[in-house]
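Have a look at the structure below, then the notes.
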Amino acid sequence: MSINGRVRGYTLINGCYVLINEGECLIHSLSVDKKLRHNGFGSSIIKRAENEVIENGYDKVFLYVETSSWMHDWYKRLWYNDTREPCEKGYTKMIKDLNRNDHSQNTKTN
């Protein structure tokens, strides 16, 4: 924010990384400032990351999340599924098939 040409503060929304290695696409380090959560920023960031994956010719993306965290349920609502593959204790590997038509709205209703 600028008042009379002086910076009076800033807002850090944050973002994430999309890592592509040997044909696999990983979303890493998604974060949104706590003060800005519940405003759709996280969903927008993840959708942009998924679009990057598609634009680079891939149709699946995966991520790791703490199994007991609220984010595990949040990713499920965004159509990510547990892979049941072994990974670091307390974490779950989740995957999303970006070609599926049933998640075109990017959210599930329970």
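For this structure, a couple of remarks:
- Under the simplified labelling scheme, the F41-R77 pair shows an inter-label distance of 1.7 nm, with each label point 7 Å from Cα along Cα→Cβ.
- Principal axis extents of the Cα atoms in the stretch 2-103, from largest to smallest and rounded to whole angstrom, are 54, 32, 27.
- Extension gain from E52 to N99, taking 0.36 nm per residue of separation minus the Cα-Cα distance: 15.6 nm
Computed from the coordinates by the stated procedures, all read-outs in this text should not be read as laboratory data. Quick caveat, the model's predicted, so the values are computed rather than measured. Neighbour counts run over all protein chains shown; Cβ positions are idealised from the backbone, glycine included.
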